[in-house]
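Taken together, the values in this text are just the output of simple stated rules run on the coordinates, not laboratory data. Bear in mind that the values here come from a model prediction, so they are computed numbers and not experimental data. No Cβ is skipped: glycine too gets one built from the backbone with ideal geometry, and neighbour counts run over all protein chains shown.
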C-alpha cells in the first residue's frame, strides 16, 4: 500500500507528533493527502525543550496548527521506578493523553511515526501502541528510515538529517529511580554539547556520574576537546568520562 492510499482509507485522523524525522514526514504527508489532520505534541519531563521547538518550527513552516499537551510521566510510580518495560507505561500515558484530546476534537484514529526499520520486538512501547489502537502508516506501507529521510529531503523538511534522539529517560540505567532533577541535568549537559558543535551523542548518567558517548565521526574530536567539554559540563556532574568505545550512529 502506498502512503497516499493509507490517507485515502483514513481521511480524518490525529497525529502523535514528536518533531522527529518520522512524525515530521507524516505531518507533511498528512497535510497533503488527509481531509482533516489533528496534530498533537505531548510535553513531558522526558522531552528536551529543543524537541518542542523543532516540532513547532516545522509545523509553522508547513502551516499546521499543533495542540501542545502536558503529561507528567513521573507521576506514574511504574515509570519513575525505571523498570525494563518503563517505555510501555510511559507510552500508555502519552497515547491516552493524545487520544483523549483527539476524541474531543472529533478524531477516532491516532497515528504515529513508527517506521519499517524499527525493531518492534525489542521495544515495549510498541505493545502500548497496539493496545491503544494506534496505527503506524510508515510501517504499514513498508517505508524504512532511510526512505523517510530521502523523502523528507526531497520535500525540503529541515528534519531530513536530524539525528535520532531517544528520550532523556534512556540516559539513566534501568533500575535506577528517575527524578526530574536527574533529567534536567542530562538535558542541560546535552545542550552544552550541542553548543560546542557536537550533534550525535548521549550523556549517560549513573549515580551522579556522567559517561559521554559519541559516534565514530565525532569521537576523536571529543577526545581532543575533553578539557573544554569537562569545563562546560562541570556545573552538572563532578565526574565526567568519555566512553572509549564509539556509539553506533542512529538511523
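Worth pointing out:
- Relative to its residue count, the range 1-106 spans a Cα convex hull of 110 Å³ per residue.
- Put simply, when 137-143, 110-116, 40-46 are sorted by average Cβ atoms within 10 angstrom per residue, most first, you get 110-116, 40-46, 137-143.
- Structure-based [θ]222 nm, the chain - -39500 (n - 2.57) summed over DSSP H runs of at least 4, per residue, nearest 500: -13000 deg cm²/dmol
- For the chain, the spherically averaged projection of the C-alpha convex hull amounts to 13.1 nm².
- Dividing the Cα radius of gyration of the range 64-136 by 2.2 N^0.38 Å, with N the residue count, gives 1.16.
- Inter-site label distance for residue 144 and residue 251 at 7 Å from Cα along Cβ, in nm: 0.8 nm
- By the Stokes-Einstein formula, at 0.692 mPa s and 37 °C, the range 5-53 with its Kirkwood radius over alpha-carbon pairs has D equal to 285 µm²/s.
- Rounded tilt (10° steps) of 21-33 against the dominant C-alpha axis of the chain: 20 degrees
- P(r) for the range 43-99, from all Cα pairs and a bin width of 5 Å, is 4, 17, 24, 20, 17, 10, 5, 2 %, short bins first.
- Within the range 85-184, the percentage of alpha carbon pairs spaced more than 22 angstrom apart rounds to 44%.
- P(r) tail for the range 118-251: Cα pairs beyond 18 Å make up 63% of the total.
- Highest-first arrangement of 207-213, 52-58, 241-247, where packing means the average Cβ count within 10 Å: 52-58, 207-213, 241-247
- Nearest 10 degrees, 0 to 90: helix 145-155 Cα axis against the chain principal axis: 70 degrees
- Per-pair calculated FRET efficiency, R0 = 30 Å: residue 234 and residue 176 via Cβ, rounded to 0.05: 0.85
- Relative contact order, percent, the chain [alpha-carbon distance under 8 Å, six or more residues apart]: 18 percent
- When the convex hull of its Cα atoms is projected in every direction, mean area for the range 200-251 (nm²): 3.6 nm²
- Folded to 0 to 90 degrees: helix 86-104 orientation relative to the chain principal axis, Cα: 40 degrees
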